[in-house]
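Everything below concerns the one structure shown next.
Any read-out appearing in this document is the output of simple, stated calculations on the displayed coordinates, not a laboratory observation. What you are looking at is a predicted structure, and each value in this text was computed from that prediction instead of being measured. Methodologically, a virtual Cβ is constructed for each residue, glycine included, from the backbone with ideal geometry; neighbour enumeration extends over all protein chains shown.
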Amino acid sequence: MKSKMLFSVLLIFFKIFISQGQNFKPSKEKLYQSMTGEVHILTLFVDTQNNYWEDDEKEYYKKQLAKSQNWLVEEAEFYEQELEFNNETFFVDNYETIYLEKVRRGDYPKRTIAKVMDELGYTDLDDFLKRNYFDFKVQKLKLLLFVKSLDRSHAYNSFSNSDLDISVVYCQHSNGMVTDHYVISHEVLHQFGAWDLYHGQSQTLKNAEKAKEIFPNSIMANTFFNKNLNVDELTAWRVGWHYEMGDEYMDFDPAKSRGKPTANEKYKRKSKTGKSDGIKFDLKNLRRKKKEEKEKSNN
Ligand SMILES: [Zn+2]
């Protein structure tokens, strides 16, 4: 009897342990959820005081979003992960257009979310979750805003707060560079903890060059001129598609580039040596496999 009870307790512990290992990864800001299983997406178009959406433009972005989601599902499959986007969870019509006077780079995310909820007729985010029967503790929700604005034509950033990630994709046709499914995928990956790998705030020039060498087709590097992009193994590790940390990964921690200590470094090291994550992945084999597949499809 006693041993049976002990077994049940151990089983519960084991389950919690496993589910945390698979679903959550610590980072310095929050526990990012892994980009696996069912992900609920609320997508809204935002008119601003500067510009508004035309129907044909909205159609274009809806198609790009679908393309982006298909692409991400395929990339996840490559890492043997199941991923499914659910765009129809909420009572709010997905792709509804709302009006926000301004959405600027660097806006405080909680304030943007509050404004969005207000526009949708909810008191706040909690009210939205409650009235949509959404349990944030067990379900994953991401908010994607397509903003028509006079801000930089391809300015995009993603924010995190403890409740929900929002991604803002600024869309502007004027200079001929159209936001495509790769740009959307890049932003969605950020929402699950992916790091930018191009030279800028997140990477020094030296690091960016190194990233280009190791991950030449990374979606998190420059997406504009490369049309043969993939989710590189570092990004895959960040979003929870594998748990085998490469020796060089931590070199690309944006916190390092800014000269700050990396709070999650200790954890990552532990997860490399410990057996906590349970998933064994042969990355070298994977790299080769991917190359072979590419060659096959080129022939
Ligand atoms: Zn980025």
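Backbone amide hydrogens, once placed in the peptide plane, bring T179 within less than 5 Å of Q172, excluding anything fewer than 5 places away on its chain. Panel order for S185, S34, by other beta carbons found within 10 Å of each beta carbon, from fewest to most: S34, S185.
With 21 Å as the limit, the listed pairs K67/K115; K58/K227; K67/K227; K115/K148 have K67/K115; K58/K227 beyond it between alpha carbons.
Taking label points 7 Å from Cα along the Cα-to-Cβ direction, N50 and T97 give a separation of 1.8 nm. Counting every other Cβ atom within 10 Å of each residue's Cβ, H199, H186 order from fewest to most as H199, H186.
Which whole-angstrom value gives the distance between the alpha carbon centres of the range 63-83 and the range 185-245? For the range 63-83 versus the range 185-245, the Cα centre distance is 16 Å. Peptides 59-65, 244-250 ranked from most to least packed give 59-65, 244-250, packing being the mean of other C-beta atoms within 10 angstrom over each peptide's residues.
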